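Below is one structure, written out as structure tokens; the observations come after it.
The values are calculated or read from the model by the stated rules, or taken from the named source; none is laboratory data. Every value quoted in this text rests on a predicted model; they were computed, and no experiment measured them. Cβ placement follows ideal geometry from the backbone for every residue including glycine, while neighbour counts extend to all protein chains displayed. For the accessible areas, the whole protein counts, side chains as well, though only heavy atoms, and no ligand, DNA or RNA atoms are used. Shrake-Rupley method; radii C 1.70, N 1.55, O 1.52, S 1.80 Å.
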Amino acid sequence: MANDSARIDKWLWAARIFKTRSIASDACKNGRVTINGVNVKPSHMIKEGETISVKKPPITYSFKVLKCIEQRVGAKLIPEIYENVTDAKQYELLEMSRISGFVNRARGTGRPTKKDRRSLDAFIEPAMFGFDDDFDDGSDEDY
């Protein structure tokens, strides 16, 4: 195969932007991968010099293709494959989301971490509402 073009899903996987090719393919199908603002299919052929934008919430990464490859390479060779041209403002967004504290997880994506649970417990502290731990409602019935 000629080395001047490559399928975008294979390139995204080979350049270690996505962990598997199927994840890269799904990202293309779901409109998270664009070239010059245009959504591309997984089979789109890319050329050297093109700039690819990949949305990985909360930010959008941008990569300039230096070499078209379809075989996965070691992490040390990545600087030869693409140049990261992501805007500095995107990294500021990422840092702000890290600092913002409580992470809003999508429903069903797992249990809260120990840190999340402690912050929830602190938020729902009974003393905050003026209740005592041994609340007495005046009835003599034992439950």
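Among the residues of segment 1-26, those that are in contact (Cβ under 8 Å) with a residue 12 or more places away in the chain, farther than 16 Å from residue 82 by Cβ and not basic (Lys, Arg) comprise 1, 25. Exactly one residue out of 50, 70 is open to solvent by less than 80 Å² (accessible area, probe 1.4 Å) and in contact (Cβ under 8 Å) with a residue 60 or more places away in the chain, and it is 70. Annotation: of all residues in segment 30-45 being closer than 15 Å to residue 65 by Cα and out of contact with any strand residue (DSSP E or B) (no Cβ under 6 Å at 6 or more places or on another chain), the one that is surrounded by the fewest Cβ atoms within 10 Å (Cβ to Cβ) is 36.
Scanning segment 32-50 for residues being within 23 Å of the chain's Cα centre (by Cα), of a type outside the set (A, V, I, L, M, F, W, C) and part of a loop (DSSP other than H, G, I, E, B) gives a total of 8. Counting the residues of segment 51-74 that are touching a strand residue (DSSP E or B) at 6+ places or on another chain (Cβ under 8 Å) and assigned to a strand (DSSP E or B) gives 11. Of all residues in segment 73-99, those that are under 19 Å from the mean Cα position of the chain (by Cα), within 21 Å of residue 36 (Cα to Cα) and either open to solvent by 80 Å² or more (accessible area, probe 1.4 Å) or without any contact (Cβ under 8 Å) to a residue 24 or more places away in the chain (or both) total 5.
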